[in-house]
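Every read-out reported here was derived from the displayed coordinates using simple, explicitly stated rules and does not represent laboratory data. From a predicted model like this one, the values you see are computed outputs, not experimental measurements. Cβ: placed from backbone, ideal geometry, glycine included. Neighbour counts: every protein chain shown.
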Amino acid sequence: MKRKAGIHKLYQSPEQADEKLWGRQTIPDSRRGFLKKASLTAMSMAVGGKIVFAENMPSGLIPAILADDELPFEIPGKDPGLVILNDRPVNAETPPHLLDDKITPADKLFVRNNGIPPENIDVNNWTLTIDGESVANKKTYTLADLKSRFKNYTYQLTLECGGNGRSEFNPPAKGNQWTTGAVGCSKWTGVRLKDVLNDVGIKSDAVYIGYYGKDTHLSGDPEEVVISRGVPISKAMEDESLIAWAINGEDIPLMNGYPLRLVFGGWPASTSGKWLERISVRNIIHDGPKMGGDSYRVPCEAVPPGAKVPDENMCIIESMPVKSLITYPKTGAQISEGRTLNIRGHAWAGDNRVNEMHYSIDFGVTWKKCQLEAPANRLAWQHWSAKIDFPQKGYYEVWAKATDDQGRSQPMIVPGWNPKGYLNNACHRIAVMVK
Ligand SMILES: Nc1nc2c(c(=O)[nH]1)N[C@H]1C(S)=C(S)[C@@H](COP(=O)(O)O)O[C@H]1N2
Ligand SMILES: [Mo]
């Protein structure tokens, strides 16, 4: 697993590293203490051979060979090819070539944590409470209640962090420097949020729902809420808005919200609350942490880069913009002169559908049409492919551009600057060398 700066420091104290990275009990004992003497076998594997004088090694010593850039670092349940952006809280994105599957495998779905995931989860006693001003009587369900009392549904849903692409903004925006990999489209199974809300009974003044999860704040204060966002009641009542307990037919990985989460396809993934334990039905726009200020809000009208935007001119992000990824080949691909290159990827457009997909090999002067498939269901990404012939040897860039059913296309360069660097839907491009 690749990582960026920041993690090495933790290994100065392996016990602390374990604790910081995983929380006290979130990984089985057998996988803890990677650098303790007890896990000599693991260490030998990591250094690439038997450590001859291992019995002399001080406990907690970091083998010198590991003390450089490519430290092994594992997120339980995640593909080692994910790129770590931050270790506390854990944030990791997926390189485009690892998103090539039509249905994103659970181990390849990005991780965006704002706090520390819960520990010692007891699924048999996990409950979900629906409360708030706009319910007459609050109601609590066990996981078993949810599974048995409501019809189960499965949808493939696109989840993309609102800050995906942030790294390209100038002036730069603070926060995780996501490139292209905070997106995925897996198959989620659960119950419809609307079925549960109807079972509780919501009042006519309901305008919004807000979630609460069981993760804890980095401050360590158990009372401090990490993040509590939500969606307008209209989005909550859509068929595809799920309270989910499974991804691709299996338990959700701990880092992605085990054992229960919300999934709102097409909206900033920050609305899809993980480790879900409470939903509040509100008679006002939900006002939980990260609903106001610059969080998940952008200037309602375009502003010059770096501008200070008054609070009343900031609007909450709803449906995400049209976007696409080239998932094959990997950037830097080489091909012999005269050969045809097959390229492919996915495209998505928030609540909308993608209508057309184009590619360019001449920096956007001309565009050719790609084959585009229909989505598996509403709010799922769509697969596209094309065959490219290159006119002569040399360096090329392949650019991909999606257009939605409203006629809106991806820009070639980073669009509207905003304080927190959201909604960068600029064209994805890869390098190709024809030899
Ligand atoms: N409880 C809780 N829910 C959360 C978060 C969080 O930190 N805590 N992060 C949100 C954000 S900002 C994103 S982008 C998605 C990421 O989901 P994933 O980690 O499963 O990819 O979860 C959202 N739900
Ligand atoms: Mo996010």
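Given points 7 Å out from each Cα along the Cα-Cβ axis, report the ASP79 to GLU133 separation in nanometres with one decimal.
4.5
Can you give the extra length, in nm with one decimal, that the chain gains between ARG149 and ARG378 once fully stretched, where that is 0.36 nm per residue apart less the Cα-Cα distance? Walk me through the numbers before you get to the answer.
Numbers: separation 229, 0.36 × 229 = 82.44 nm, distance 2.48 nm.
Length gained, ARG149 through ARG378: 80.0 nm.
As a quick test, which of the pairs LYS50/LYS330; LYS187/LYS323; LYS187/LYS274; LYS203/LYS420 have an alpha carbon distance above 27 angstrom in this structure? Intermediate results must be reported in sequence, preceding the final value.
On the way: LYS50/LYS330 35 Å; LYS187/LYS323 20 Å; LYS187/LYS274 16 Å; LYS203/LYS420 35 Å.
With Cα atoms farther than 27 Å apart: LYS50/LYS330; LYS203/LYS420.
May I ask you to compute the full-extension gain from ASP362 to SER234, defined as 0.36 nm times their residue separation minus their alpha-carbon distance, rounded to one decimal in nm? Numbers along the way, then the final one.
Working: separation 128, 0.36 × 128 = 46.08 nm, distance 4.29 nm.
Gain on extension, ASP362 to SER234, equals 41.8 nm.
Label point 7 Å out from ALA307 along Cα-to-Cβ: which residues of segment 402-435 have amide N under 16 Å?
The answer is 415-422.
How big is segment 297-435 by the Kirkwood estimate over distinct Cα pairs, in Å? The partial results should precede the final answer.
Numbers: mean 1/r = 0.0613 Å⁻¹.
The answer is 16.3 Å.
Could you work out how far apart the two model spin labels at TYR395 and LYS369 are, taking each label as a point 7 Å from the Cα in the direction of the beta carbon, and quote it in nm?
Rounded to a tenth, the inter-label distance reads 3.3 nm.
Please give the FRET efficiency for THR142 paired with ASN198, using the beta carbon to beta carbon distance and R0 = 22 Å, rounded to the nearest 0.05.
Here the calculated transfer efficiency is 0.70.
What is segment 246-370 by shape, rounded, prolate or oblate, if you read a ≥ b ≥ c off the alpha carbon gyration tensor as root eigenvalues and call it rounded for a/c under 1.5, prolate for a/b larger than b/c, and oblate otherwise? Present the calculation step by step, with values, prior to reporting the outcome.
Working: a/c = 2.84, a/b = 1.47, b/c = 1.93.
Since a/c reaches 1.5 but b/c is at least a/b, the shape of segment 246-370 is classed as oblate.
Please give the residues of segment 411-435, grouped as numeric ranges, whose backbone N is less than 13 Å from a label point set 7 Å along the Cα-to-Cβ vector of GLN334.
The answer is 432-435, whose backbone nitrogens lie closer than 13 Å to the label point.
Counting just the Cα atoms, what span does segment 366-435 cover along each of its three principal axes? Round to the nearest Å and put the largest first.
41, 34, 18
In percent, what relative contact order does the chain have, based on Cα pairs under 8 Å that are 6 or more apart in sequence? Please report the intermediate quantities before stating the final value.
Details: 1035 pairs, mean separation 64.1, N = 435.
Reported as a whole number, the value is 15 percent.
Given an 8 Å cut-off on Cα distances and at least 6 residues of separation, report the relative contact order of segment 158-294 as a percent.
Details: 267 pairs, mean separation 42.2, N = 137.
Relative contact order of segment 158-294: 31 percent.
Dividing the convex hull volume of the alpha carbon atoms of the chain by its residue count, what do you get in Å³ per residue? If you can, show how the numbers build up before the last one.
On the way: hull volume 69.9 nm³, N = 435.
Per-residue hull volume (Cα only) is 161 Å³.
In square nanometres, what is one fourth of the surface area of the convex hull spanned by the alpha carbons of segment 291-357?
Values: hull surface 30.7 nm².
If you wrap the Cα atoms of segment 291-357 in a convex hull and average its projections, you get 7.7 nm².
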